[in-house]
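I have placed the structure first, in the form of structure tokens, so that the comments after it can refer back to it.
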Amino acid sequence: METFRSGDLMTIVGRYMTTEDCSKVYRAFLRAADAHDGVFRKGGQPYITHPLEVARILADLHMDAEGICAAVLHDVIEDTPYTKDDITIEFGEVVADLVDGVTKFEYDGFDSKQDALIASFRKMMGHMTKDYRVVLIKLADRIHNLRTIGATKRASQVRKAKETFELYIPLARRMGMNKVRRELEILA
């Protein structure tokens, strides 16, 4: 699955999106590929494989173009010099708000990583009241991170599994997303 390419995503979204929407998704891919250029995941894959996989998970659910664009761009604010304003200018306020909704807080300014995680989760929940797609993107992000967790240290694996059982599985259950919930349970 890690050999996933942009063409694979474009094939999937091309089955249900208009040409104009497919063009937006491709522009988001180009922006994310540029932003993450030269960056690699812990397993050695180019970083861009992660946002593409997150977007593919959501494309399989037929998420709309704004949601897929946000999925492709979901780590850009958090991990690169690009800002929410940059995304707003290029992709619109809705996409920028979705990306901002899944962007974690920096650990600086918090007493612990746990405090930062809780604040980030609260932020996501606040955004969810405006647009449920924030949670869908975050759940897809967690699924892909769990699928590739073998490249991380054991302590990180345990922490991610605990977070998944305490936060993400109950959230998927409450949203009635049983397929997502089951996959999270299996992976965690």
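The values are calculated or read from the model by the stated rules, or taken from the named source; none is laboratory data. Remember, it's a predicted structure, so these values are computed and weren't measured experimentally. Neighbour counts are summed over all protein chains in view; Cβ atoms, including those assigned to glycine, are modelled from backbone coordinates with ideal geometry.
Only one of the numbered conditions (1) over 30 Å from residue 154 (Cβ atoms); (2) touching a residue at least 12 places away in the same chain (Cβ under 8 Å); (3) not aliphatic (A, V, I, L, M) is violated by residue 45, and that is (1). Filter the range 74-86 down to residues that are in a helix (DSSP H, G or I) and touching a residue at least 40 places away in the same chain (Cβ under 8 Å) and give me whichever is nearest to residue 34 (Cα to Cα). Going through the qualifying residues, I end up with 76.
Only residues that are of a type in the set (S, T, N, Q) and more than 17 Å from residue 6 (Cα to Cα) were counted in the range 40-83, giving 2. Taking the condition of a type in the set (Ser, Thr, Tyr), touching a helix residue (DSSP H, G or I) at 6+ places or on another chain (Cβ under 8 Å), more than 21 Å from residue 53 (Cα to Cα) and at pLDDT below 95, does residue 168 pass? Judged against the criteria, residue 168 is not a match. Taking the criterion of being among the basic types (Lys, Arg), under 24 Å from residue 67 (Cβ atoms) and surrounded by 14 or more Cβ atoms within 10 Å (Cβ to Cβ), the residues of the range 135-188 that qualify are 138, 142, 147, 160, 173, 181. Here the condition is being modelled with pLDDT under 95, assigned to a helix (DSSP H, G or I) and out of contact with any Ser or Thr (no Cβ under 7 Å at 6 or more places or on another chain); of 71, 116, it holds for 116 alone. Residues in the range 31-44 that are surrounded by 12 or more Cβ atoms within 10 Å (Cβ to Cβ) and within 19 Å of residue 71 (Cβ to Cβ): 31, 32, 33, 34, 35, 36, 39, 41. Assess whether residue 5 counts as being crowded, with 17+ Cβ neighbours inside 10 Å, charged (D, E, K, R) and modelled with pLDDT under 95. Taking the combined requirement at face value, the residue does not satisfy it.
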